[in-house]
1. Is it the case that segment 141-149 has a residue that's closer than 20 Å to residue 43 by Cα, in contact with a helix residue (DSSP H, G or I) (Cβ under 7 Å, 6 or more places away or on another chain) and modelled with pLDDT under 85?
2. Go through (1) more than 21 Å from residue 325 (Cβ to Cβ); (2) touching a strand residue (DSSP E or B) at 6+ places or on another chain (Cβ under 9 Å) and name the single condition residue 37 misses.
3. From the set of residues in segment 235-264 that are outside any helix (DSSP H, G or I) and at pLDDT below 95, which is surrounded by the fewest Cβ atoms within 10 Å (Cβ to Cβ)?
4. I'm trying to understand the selection: among the residues of segment 496-540, which are under 21 Å from the mean Cα position of the chain (by Cα) and either modelled with pLDDT under 95 or not in a helix (DSSP H, G or I) (or both)?
5. Assess whether residue 627 counts as being in contact with a helix residue (DSSP H, G or I) (Cβ under 9 Å, 6 or more places away or on another chain) and in contact (Cβ under 8 Å) with a residue 12 or more places away in the chain.
6. Output the residues belonging to segment 272-318 that are in contact with a strand residue (DSSP E or B) (Cβ under 7 Å, 6 or more places away or on another chain) and closer than 13 Å to residue 255 by Cβ.
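The values are calculated or read from the model by the stated rules, or taken from the named source; none is laboratory data. Everything numeric in this text was worked out from a predicted model, so none of it was measured. Cβ coordinates were reconstructed from backbone atoms using ideal geometry, including for glycine residues, and neighbour counts include every protein chain displayed.
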C-alpha cells in the first residue's frame, strides 16, 4: 500500500510540474554574419515567458552554437530571436497586448503587425490567438561581475483591459506554437513513469524486509536516493545558464586542458600572467564569444586529473576543437560527482553518528543550500575533491572498524589522488596519517598510509617530468607567490561567495556554529575524523590562496560542515534547547527570509513599520517553542512543538533555497553582493 501511495505521489508531483512544461514560447535564435546572411543558431522552448536580462539569451547562443556548420564567433552575437506562441485570452473583457523591450521588438498577432502607434491599441477577444515576437538586442560586457550592463536587452509581454502597458502575461496563457510536447515535457513524463516504478517497488521491497533493521536500512537507501534527486534537481535547473560562462573563466581552462590532453596529449589553458613565462611556453590568444584569453602550452597552473574527466564530457558532447566544448556538457561532470558525494556523505555520517536522521539532514543541506548547490554545478577541481575526501573518510572509518588493510590502502589512494586534483589537498596525506597514528599500536599502518599517499601524490611529479619539468617548477613557484596577511581565515566563516557574488553569510555562520557544537560534543575519535582533514585543508587553501578569495575555495569544506550540522539538527530534534533553537532561527531561517522580499523595497522608510511588525511576530512565534521546551523539559507537548517548528523552519529554508535557485538568473543581479550591502551588513 505504501508503495502505491509513493508512486501516486510521484506522479502527482509530475502533474504539477507539467503545468510549467506545457507552456511558454517556441523560440528560434538567429545570427547574421558579416555578409548580412541570417543563420539559424538554435531552437528552444522557453517555458519562462519573460527575459528580465541577458543571461538566458546568452546561454542560448554560447551553449547552442552549431560549430559544425557556423564559424566560431570571436564576439558575443547580438540577440536576434523569433518567439512564437498561441495566446489564450480568458473570458471577459478584451485584452490589449504590449511589449516592454530593449533594444528592438516587433509584435505580430494573428498575422497583423502591431508596431509604433499600433502597439497596445488592438483589442483581442477571448479565445486563442497566434502571437509572434521578433526581438533584437545586445548583450554588453560586464561592468562588474554578476551584473550585466544596464543597457543590455530584456523582453516582457504585457496585457491589460485598457490600451497601453499592463501586467505581465501569465505563463499559462502561452502555449508553444511548434510543439505541444517539447523535449522537456516528454523528459518529465519519462522521469515520472520511471520514478513511479522505482518508488513503488522500492517501498514494496522495503516493507517486505524480514527484519526491522533490514527494513530501516532499505528505507534509509530510499531517503538517500530522494535527497540525491533533490540535489540533482537544484543543480540541474538552468545549469547551462547561470552562473554565466563569463562569471568563472576557470571553467574554460579546465575544459580546454582536458579536451586537449585527450586529443593529442597537449596541456593547454589560459593564464593571467603570460609574460611571466618568458619564452618557455607557447602563447596564443583565444577569442571566444567576446572573451580574450592568452592561452599557454604547456599548462600547469592546476593539476590535470579532474580536467581529463571534464575532457571526456567535452569529447562525448561532440567538440571537435578545444574551443568548441560547451558547459552544457562539461557541467554534467560536477553534477554527477555531487550525486556520488551525497551518497558518500550519508554513508560517512551513519558510521560516525549512528542510525539517526543526522546524516540525511546533513545531506539535505549539502543538496539544497544555494551557496553549495549553485557553486557545485560549476566546473572546478574542488568538486572531485569532495568525492575523494568523503571516500577517504569512509574507507578510514571502515578500516578503523574492521582493520582490513584494503580499506586503509583505498583511503590512502584517495588522499594521494587529491594532490593530483588540487595541490593544496596534499595536506590530506598527513591528515590521514595523523588519524591512523592516533589509533593505538598502529604506527606501522601509519607509515604504510604515508608511503601510499606520497607515492600516489608523486604521480603529479611524474606527469610534470614527462611534459615539462622546468615550466612546472616555474608555475608552482608563481602560484605560491600571492600576497598574504595575518587575516587569512575569518573570510571562510562569513565572507562566503558564489563564484564572485558575496552572498550566503547567514547560512555559513549557522553551519560553522552548528558544526562547532557537534564537534565539541562528540567523542575525541569521531570528532577528529571531521575536524583534522577539514582544518588541514582550510589552512592549506588559506595560505596558498593568500589574499585571493573565490566561492569555490569552500567547496571541500562544506561536506564536513554539513556532517556536523546534520548531527546538530538531530540533537535539536531529540532534545530542543533555547540555544540550539536560537541559532537555528536567528542565523539560518531568518537569513533565508531576506530572499523573500525585494532588496530596494526593504530599504524604503514606508516598508520599515511592516517589516518590524512581521519580524517581531516571527521571532516571538519561532523562539517560543524552544523557550517552553527549555523551561518544561519533561512536557511532551512543548518538546513536540519545538520539534515541529524545527521541521517547519528547515522546510522553509529548503523552499526558499529552491526559489532562489529557480530565479537565480534574476537573483544574481537582485541580490548581487548582498552581504556587502551596508544597509544589511551593519
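1. Checked against the condition, which is being closer than 20 Å to residue 43 by Cα, in contact with a helix residue (DSSP H, G or I) (Cβ under 7 Å, 6 or more places away or on another chain) and modelled with pLDDT under 85, segment 141-149 yields no hits at all.
2. (2)
3. 249
4. Scanning segment 496-540 gives 496, 497, 498, 499, 500, 501, 502, 503, 504.
5. Values: in contact with a helix residue (DSSP H, G or I) (Cβ under 9 Å, 6 or more places away or on another chain): yes; in contact (Cβ under 8 Å) with a residue 12 or more places away in the chain: yes.
Criteria met by residue 627.
6. Of segment 272-318, the ones in contact with a strand residue (DSSP E or B) (Cβ under 7 Å, 6 or more places away or on another chain) are 274, 277, 281-286, 292-297, 299, 301.
Those that are in contact with a strand residue (DSSP E or B) (Cβ under 7 Å, 6 or more places away or on another chain) and closer than 13 Å to residue 255 by Cβ: 286, 293, 295, 299.
Yes/no per residue for (1) buried (at least 16 other Cβ atoms within 10 Å of the Cβ); (2) over 32 Å from the mean Cα position of the chain (by Cα); (3) not in a helix (DSSP H, G or I):
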site	(1), (2), (3)
611	no, no, no
615	no, no, no
620	no, yes, no
623	yes, no, no
627	yes, yes, no
640	no, yes, no
648	no, no, no
667	yes, no, no
672	yes, no, yes
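The rows are residues; the columns are (1) under 28 Å from the mean Cα position of the chain (by Cα); (2) without any contact (Cβ under 8 Å) to a residue 12 or more places away in the chain; (3) outside any helix (DSSP H, G or I); (4) not assigned by TED's automatic domain parsing to the domain that holds residue 679.
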site	(1), (2), (3), (4)
564	yes, no, no, yes
569	yes, no, no, yes
583	yes, no, no, no
587	yes, no, no, no
592	yes, no, no, no
595	yes, no, no, no
601	yes, yes, no, no
606	no, yes, no, no
